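Structure, as structure tokens:
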Amino acid sequence: MPVPEERSRPPRPHALHRYGQNHLVDRNVLRAILQLAAVTADDVVLEVGAADGQLTRPVLAQARFVHAFEIDRRYSARLERLAAEHADLAVHEGDALKSDLTILEPPPTALVANLAYNIAIPLIMTTIATLPTIERWAVMVQRELAERLFAVPSTKAYSAVSVLVQLACRKVDARPVSAAAFRPRPKVESTFITFARRRAEGAAAPGLGAAALSAAEYHAMDRLVRLAFGQRRKVLTNTLAGAAYGGVTLSRETVRGALDALGLAAAARPEELAPPQWVDFARRAGWLEPRPAAGGLSRD
């Protein structure tokens with residue numbers, strides 16, 4: 001849809017390095033990301049880093065409701081004026097990462113944002129883990145981060161974040177964005193990436209079966225995967241021996257047995273397991289409860 005023409009407004013405050021601010025100024029890029037974001041009239045959008053509303057305004061024209069967070073109080077008056085004009089906009093001052101996003105009403109169904117590079121990973125991971133109502137992410141991030149989110153095993157970019165994001169979400173699209181589209185111009189390239197939450201029946205990753213992980217299972221996987229990748233150069237039999245969670249303590253023999261059942265060597269390292277294998281490993285090791293064979297994951 002067309003981006004509303006700029007009204008006469010005072011100049012935007014200069015970007016602050018401590019907030020990682022790089023404002024999107026290319027209107028053609030803005031139009032493209034709005035199309036990729038695919039916001040619908042049923043969506044409740046969470047936007048983090050609203051600044052002066054460059055993205056907020058066109059999203060408001062498409063969404064049912066928008067929660068706009070902005071930590072920089074220099075933009076407060078502008079955003080409050082915008083909220084006064086739109087009953088379907090709630091402005092939240094402060095750090096979204098220090099806020100309880102679970103109490104937002106109405107609850108968000110999509111995250112659409114030009115994310116500051118220094119908060120992108122924690123915000124994405126927080127919203128995946130704590131906001132089950134969010135079905136879609138459409139975010140501008142540093143190119144290297146976008147590559148890490150959906151990296152494949154045994155590559156430099158593959159990490160705990162890769163595993164955890166892919167267990168919860170599937171990639172939809174990714175488009176490169178030149179540094180020239182921002183002011184001030186960042187020293188890195190960016191990517192606008194969209195991904196969607198996996199749901200039951202047909203949404204699970206290959207090998208995960210029909211059912212997505214429950215919230216409790218995902219939390220347990222978060223603990224296991226982060227422990228393993230915390231020492232990614234070490235073999236799993238060493239890294240995970242003695243790991244404990246929910247009354248379960250892994251032994252070296254248990255880890256070795258679970259790896260063997262997956263056809264992996266006892267010297268396997270964390271980056272060798274694909275996301276579905278991580279879930280299978282966790283079930284075979286007793287970290288997660290096994291599911292019946294019909295669910296696609298069992299001990300046998």
Task: Set ARG74, ARG81, ARG64: member being at pLDDT below 95, over 24 Å from VAL177 (Cα atoms) and in the same structural domain as LYS187 (by TED's automatic domain parsing) - done: ARG74
- [ ] Taking ALA41 as the residue in question, decide whether it is exposed (fewer than 10 other Cβ atoms within 10 Å of the Cβ), aliphatic (A, V, I, L, M) and modelled with pLDDT of 95 or more.
- [x] yes
- [ ] Consider THR130 carefully, then state whether it is surrounded by fewer than 16 Cβ atoms within 10 Å (Cβ to Cβ), under 14 Å from the mean Cα position of the chain (by Cα) and assigned by TED's automatic domain parsing to the domain that holds LEU46.
- [x] yes
- [ ] Select from segment 76-101 the residues that are surrounded by fewer than 19 Cβ atoms within 10 Å (Cβ to Cβ) and either touching a residue at least 40 places away in the same chain (Cβ under 8 Å) or basic (Lys, Arg) (or both) and list them in ascending order.
- [x] ARG81, LYS98
Task: Residue count, segment 178-199 (criterion: among the β-branched types (Val, Ile, Thr) and either at pLDDT below 95 or surrounded by fewer than 17 Cβ atoms within 10 Å (Cβ to Cβ) (or both)) - done: 1
Task: Members of segment 154-198 that are outside any loop (DSSP other than H, G, I, E, B), among the β-branched types (Val, Ile, Thr) and in contact (Cβ under 8 Å) with a residue 40 or more places away in the chain - done: VAL161, VAL163, VAL165, VAL177, THR191, ILE193, THR194
Task: Residue count, segment 41-90 (criterion: in contact with a Ser or Thr (Cβ under 9 Å, 6 or more places away or on another chain) and of a type in the set (Lys, Arg)) - done: 1
TODO: Taking GLU135 as the residue in question, decide whether it is surrounded by fewer than 21 Cβ atoms within 10 Å (Cβ to Cβ) and at pLDDT 95 or above.
DONE: yes
Open item on the list: SER154 - would you say it is within 14 Å of the chain's Cα centre (by Cα) and in the same structural domain as VAL48 (by TED's automatic domain parsing)?
Closed with: no
TODO: Look through THR127, THR155, THR109, THR102 and report the one residue that is under 26 Å from VAL225 (Cβ atoms), touching a strand residue (DSSP E or B) at 6+ places or on another chain (Cβ under 7 Å) and β-branched (Val, Ile, Thr).
DONE: THR127
TODO: Output the number of residues of segment 143-176 satisfying the condition of being over 21 Å from VAL279 (Cβ atoms) and crowded, with 21+ Cβ neighbours inside 10 Å.
DONE: 1
Open item on the list: Whether any residue in segment 49-61 is surrounded by 14 or more Cβ atoms within 10 Å (Cβ to Cβ), of a type in the set (A, V, I, L, M, F, W, C), over 22 Å from the mean Cα position of the chain (by Cα) and farther than 24 Å from VAL172 by Cβ is what I want to check.
Closed with: no
TODO: Taking only segment 36-88 into account, find how many residues are of a type in the set (D, E, K, R) and in a loop (DSSP other than H, G, I, E, B).
DONE: 6
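The values are calculated or read from the model by the stated rules, or taken from the named source; none is laboratory data. Not measured: the values here are computed from a predicted model. A quick note on method: Cβ atoms are made from the backbone with ideal geometry, for glycine too, and the neighbour counts reach across all protein chains shown.
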